[in-house]
Amino acid sequence: MAGLTKIIDVHSHPILPYGPGPPVGPGQPQPKWSVERAISHMDEHDISACVLSDPDSANHATGQEARDIARRVNETLADIVSRHPRRFGAVATLPGRDADAAVTEIGYALDILKMDGVSTSTSIGDVYLGDPQFTAWFEELNRRNVTLFVHPTFAKATQALLIELNPSVLEFMFDTTRMIANVVATGAKKRFSNIKIISTHGGGTIPYLVNRIQMLEHAFGVGTGRLELSPEEVRDGIASFHYDLTAATSEAQLGAILKLVPVSQLMMGLDFPLMPKSTFAPAIADIGRYSAFNNADLQNLSYGNAGRLYPALKARIEKSNEHNGSGSTSAAEGTPLLRRGTT
């Protein structure tokens, strides 16, 4: 049985000097990151490309400050891609508290910077995705058929409940679960069905709770002003997400998630540089030896599924491989392909 090879890692974070950066927990410093460190990590683990995201960076600010953070992050990521087009993809961050500014940044990021998609956090200001305050930019993403990468954060209301554990240990899993449940229960997943949403960490606890959610949501209702959904509609909504397998590669996790979605909706994520280095090789090995995966499944998990969600990145990789035969780095990869815009 072949293992994973030429991986497209959809869950990778740059550490940039704009905004707070990826959520790491109270008092914990951001890890060191550079393009060179990332490429070294990729080469070590047979990763052909990483999709860079900084989903939460502009969501803690408002007004012009938030717009400036989002613009600087997006132009920086686009510049990295322009210099290393076959090694990196990048998804835009948004000033998520400002609907009009978010719509404007979507247009700039996708039309001018030619970014590969959009990212955001599970909640913004303790309000979870699916809430009407996000309707304007969800409508824009839906109109454009965008891939939306959604990363957990930790809401203020939960910080007293961390029991002195880093939020990545437990809270990120519950936070992801709340986001998925809210996007489905509010009807947003069905209304904005053209958006291809990637939920991280194997969906948190969703694979284990989907039967309970669909049964009890129908029995007890979804809340004031929401549409009543049948158990089948609840399950279909949850099963319409795509899931990355960051820290979700054990037999128990894979067995549960494969009862919810087909292999075609799963992809690899390693969460560099936030996950410990010691986790990368074991996660890749877990997938390679899982008995339910055949060679075609492993190829799709390596790069096929991610390539369908990020077709421009796939095209850049294939173009480079055509030019270089073996797929080695081309001299042109160090040449910027676009000019950075102004803030």
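Local charge for residue 2 was computed over the other residues whose Cβ lies under 13 Å away, with Lys and Arg +1 and Asp and Glu -1, and equals 0. For residue 319, a cut-off of 16 angstrom between C-alpha atoms picks up these lysines, skipping any fewer than 8 places away in its own chain: 6.
Just checking the listed ones, 306, 296, 188: in the Gaussian network model of the chain with Cα springs under 10 Å, the one fluctuating most is 296. Normalised by 2.2 N^0.38 Å, where N is the number of residues, the C-alpha radius of gyration of the chain stands at 0.95.
One Cα centroid belongs to the stretch 119-142, the other to the stretch 205-265; the line between them spans 19 Å. Residues 8, 163 ordered from highest to lowest accessible area at a 1.4 Å probe: 163, 8. Per-atom-type breakdown for the chain gives carbon and sulfur 53% of the accessible area (1.4 Å probe, protein chains only).
Dividing the summed -39500 (n - 2.57) terms of all DSSP H runs of n ≥ 4 by the residue count of the chain sets its mean residue ellipticity at 222 nm at -11500 deg cm²/dmol. Counted over the chain, the DSSP beta bridges are approximately 10% antiparallel.
Shown here for the stretch 134-211: GluC sites (Glu not before Pro) in loop regions (DSSP other than H, G, I, E, B) with at most 16 other Cβ atoms within 10 Å, namely 164. What the phi angles of the stretch 183-199 give under the Karplus curve with 6.51, -1.76 and 1.60, with θ = phi - 60°, is a coupling list of 4, 6, 5, 7, x, 5, 5, 6, 5, 10, 6, 6, 7, 9, 8, 9, 9 Hz, glycine and proline written as x. Distance from the Cα centroid of the stretch 40-76 to that of the stretch 85-118 is 10 Å (rounded to whole angstrom). Most simply put, the stretch 104-253 has about 15% antiparallel DSSP beta bridges, counting only bridges with both residues inside it. In this structure residue 209 has an accessible area near 60 Å², from a 1.4 Å probe over the protein heavy atoms. Taking all Cα pairs closer than 8 Å and separated by 6 or more residues, the relative contact order of the chain comes to 23 percent. Relative contact order for the stretch 120-277: 23 percent, from Cα pairs under 8 Å spaced at least 6 residues apart, divided by residue count. Scalar couplings 3J(HN,Hα) for the stretch 139-152, obtained by applying the Karplus form with A = 6.51, B = -1.76, C = 1.60 to θ = phi - 60°, are 4, 5, 4, 5, 4, 8, 6, 7, 7, 10, 8, 10, 10, x Hz; x denotes Gly and Pro.
Rounding to the nearest 20 debye, state how big the charge dipole of the stretch 216-261 is about its Cα centre with +1 on each Lys and Arg Cβ and -1 on each Asp and Glu Cβ. Each step should come with its number before you reach the end.
Numbers: 3 positive and 7 negative charges, 13 e Å.
It works out to roughly 60 debye.
Each Lys and Arg adds +1 at its Cβ and each Asp and Glu adds -1 at its Cβ; summed about the Cα centre, the chain shows a dipole of about 480 debye. Taken along the Cα-to-beta-carbon direction at a fixed 7 Å, the label points for residue 114 and residue 215 span 5.2 nm.
Solvent exposure of residue 275, expressed as accessible area, is near 50 Å², computed with a probe of 1.4 Å over the protein chains only.
The values are calculated or read from the model by the stated rules, or taken from the named source; none is laboratory data. Computed from a predicted structure; not experimentally measured. All Cβ positions, even for glycine, are placed from backbone atoms using ideal geometry, and neighbour counts span all protein chains on display. Ligands, DNA and RNA are stripped out before the accessible areas are found, and what is left, the full protein with its side chains, is counted by its heavy atoms. Shrake-Rupley method; radii C 1.70, N 1.55, O 1.52, S 1.80 Å.
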